[in-house]
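J.: Got a structure for you, written out below as structure tokens; questions coming shortly.
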Amino acid sequence: MKFVLIGCPGAGKGTQAKKLSKHYDIAHISTGDLLRDQIARKTELGVEISKIMEEGGLVSDEIVARMLKGRIQEADCKNGYILDGYPRNVPQAQGLEDIVGKLDKVICIDVEDSKIIDRMTGRRGCPKCGSMYHVRYNPPKIEGVCDNCGEKLIQRKDDNEETVKNRLDVYHKTTAPVIDFYKEKGLLATIVGSGEIEDIFSDIVKALEE
Ligand code: AMP
């Protein structure tokens with residue numbers, strides 16, 4: 001099974017992808033995570049892309065496609081995978097099936113912009129186990145500390161208000177046309193992403209199994 005999760009930054013793609021990856025025993029491929037890993041390891045590529053990511057711009061198609069091609073060769077991808085954050089523009093969508101073969105579905109998680117700034121600026125994550133929190137809607141038991149592993153929580157550098165606004169802008173101008181691209185191909189299912197995490201999860205599973 002291979003499918004794409006699309007939606008604006010903060011729509012909940014990462015949260016749902018983690019749950020879906022467990023449910024279907026398939027890999028979760030987040031291009032944002034792959035790129036952040038390069039920055040954390042201070043590779044040559046990491047140094048090259050860090051400013052673009054801090055400002056909320058898009059990394060070049062060539063770089064991201066190359067990373068994706070490498071990632072899908074890994075053993076955990078043999079049953080399939082969920083693409084989270086790819087494709088991000090129409091050229092990436094046009095080239096995707098040449099890289100991964102036929103897609104089963106494209107799920108769009110739809111959330112109004114007005115909810116996004118609040119969701120993202122309050123978002124905190126654990127750098128060790130990947131657990132995600134929100135300072136108001138899903139706070140950890142001890143402020144700033146991961147419930148799961150005790151690590152100090154961090155805020156992503158691009159989760160500040162100014163960058164989030166820029167990322168939303170990039171999404172509407174560049175990524176939203178990808179939704180029409182997949183609608184025309186008959187692959188798109190749109191899910192309302194503003195309710196409870198579990199309800200959104202079951203709506204996605206239903207759409208995938210239709
Ligand atoms: P995300 O974790 O999906 O919100 O992605 C964080 C950042 O990584 C984005 O703002 C972009 O700078 C970069 N990025 C992630 N995926 C892509 C992609 N498919 N194409 C270009 N840039 C990407």
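The values are calculated or read from the model by the stated rules, or taken from the named source; none is laboratory data. Just so we're clear, the structure is a prediction, and the values are computed from it rather than from any experiment. Methodologically, a virtual Cβ is constructed for each residue, glycine included, from the backbone with ideal geometry; neighbour enumeration extends over all protein chains shown. In case anyone asks, the SASA skips ligands and DNA or RNA and just uses the protein heavy atoms, side chains included. Shrake-Rupley method; radii C 1.70, N 1.55, O 1.52, S 1.80 Å.
J.: Here is the link list: K19/K165; K2/K183; K2/K165. Which ones come out longer than 23 Å on Cα distance? Intermediate values should be presented prior to the final figure.
T.: Details: K19/K165 27 Å; K2/K183 17 Å; K2/K165 30 Å.
As for pairs spanning more than 23 Å Cα to Cα, those are K19/K165; K2/K165.
J.: Here's another thing I want to ask about it. Just add up the charged neighbours of E210: K/R +1, D/E -1, any other residue whose Cβ is under 15 Å from the Cβ of E210.
T.: Values: positive: K105, K206; negative: D104, D203, E209.
Taking every other residue near E210 into account, the sum is -1.
J.: Something else now. Using a simple charge model, +1 on the beta-carbon of Lys and Arg, -1 on the beta-carbon of Asp and Glu, nothing else, what dipole does the range 23-154 show about its Cα centre, in debye to the nearest 20? Display every interim value, and only then the final one.
T.: Numbers: 19 positive and 22 negative charges, 77 e Å.
Dipole of the range 23-154, to the nearest 20 debye: 360 debye.
J.: Under the definition of Cα pairs under 8 Å and six or more residues apart, what whole-number percent is the relative contact order of the range 74-186?
T.: Working: 91 pairs, mean separation 34.5, N = 113.
Rounded, it is 31 percent for the range 74-186.
J.: Quick check: the distance between the Cα centres of the range 147-206 and the range 13-87, to the nearest angstrom?
T.: Going from one Cα centre to the other spans 14 Å.
J.: Something else about it: Once the piece of chain linking A75 and V145 is laid out straight, how much longer is it, given 0.36 nm per residue of separation minus the C-alpha distance between them?
T.: Working: separation 70, 0.36 × 70 = 25.20 nm, distance 3.24 nm.
Result for the pair: 22.0 nm of gain on full extension.
J.: Going by a ≥ b ≥ c, the root eigenvalues of the Cα gyration tensor, does the range 85-210 fall in the rounded group (a/c under 1.5), the prolate group (a/b larger than b/c) or the oblate group? Display every interim value, and only then the final one.
T.: Working: a/c = 1.99, a/b = 1.66, b/c = 1.20.
Taking the square roots of the gyration eigenvalues as a ≥ b ≥ c, the range 85-210 is prolate.
J.: At a Förster distance of 22 Å, what's the computed FRET efficiency of Q155 paired with S194, Cβ-Cβ distance as r, to 0.05? Each step should come with its number before you reach the end.
T.: Numbers: r = 22 Å, r/R0 = 1.02.
For R0 = 22 Å, the calculated efficiency reads 0.45.
J.: Quick check: pseudo-label points 7 Å beyond the Cα along Cα→Cβ at L187 and D110, how many nm apart are they?
T.: 2.0
J.: Work out the charge dipole of the range 124-180 with +1 on the Cβ of Lys and Arg and -1 on the Cβ of Asp and Glu about the Cα centre, then indicate which of Y133, L168, V145 is farthest towards its positive end.
T.: V145
J.: Heavy atoms of the protein only, probe of 1.4 Å, neighbouring chains included. What is the accessible area of E151 in Å², nearest 10?
T.: Using a 1.4 Å probe on the heavy atoms, I get roughly 70 Å².
J.: In percent, how large is the relative contact order of the chain, given Cα pairs closer than 8 Å and 6 or more residues apart?
T.: Working: 293 pairs, mean separation 62.2, N = 210.
The value is 30 percent.
J.: Answer rounded, prolate or oblate for the range 31-139, using the Cα gyration tensor with square roots of eigenvalues a ≥ b ≥ c: rounded when a/c is under 1.5, else prolate when a/b is larger than b/c, else oblate.
T.: On the way: a/c = 1.57, a/b = 1.30, b/c = 1.20.
In terms of gyration-tensor shape, prolate.
J.: First check a/c for the range 140-210, with a ≥ b ≥ c the square roots of the eigenvalues of its C-alpha gyration tensor; if it is under 1.5, answer rounded, and if not, answer prolate when a/b is larger than b/c or oblate otherwise.
T.: Details: a/c = 3.41, a/b = 1.42, b/c = 2.40.
In terms of gyration-tensor shape, oblate.
J.: Return the calculated 222 nm mean residue ellipticity for the chain, to the nearest 500 deg cm²/dmol, obtained by summing -39500 (n - 2.57) across DSSP H runs with n ≥ 4 and dividing by the residue count.
T.: The helix-only estimate for the chain comes to -14000 deg cm²/dmol at 222 nm.
J.: Of the beta bridges DSSP finds with both residues in the range 67-210, what % are antiparallel, to the nearest 5?
T.: Details: 6 of 11 bridges.
For the range 67-210, the DSSP antiparallel bridge percentage is about 55.
J.: Over the alpha-carbon set of the chain, work out the extent along each principal axis and list the three values in angstrom, largest first.
T.: 46, 41, 35
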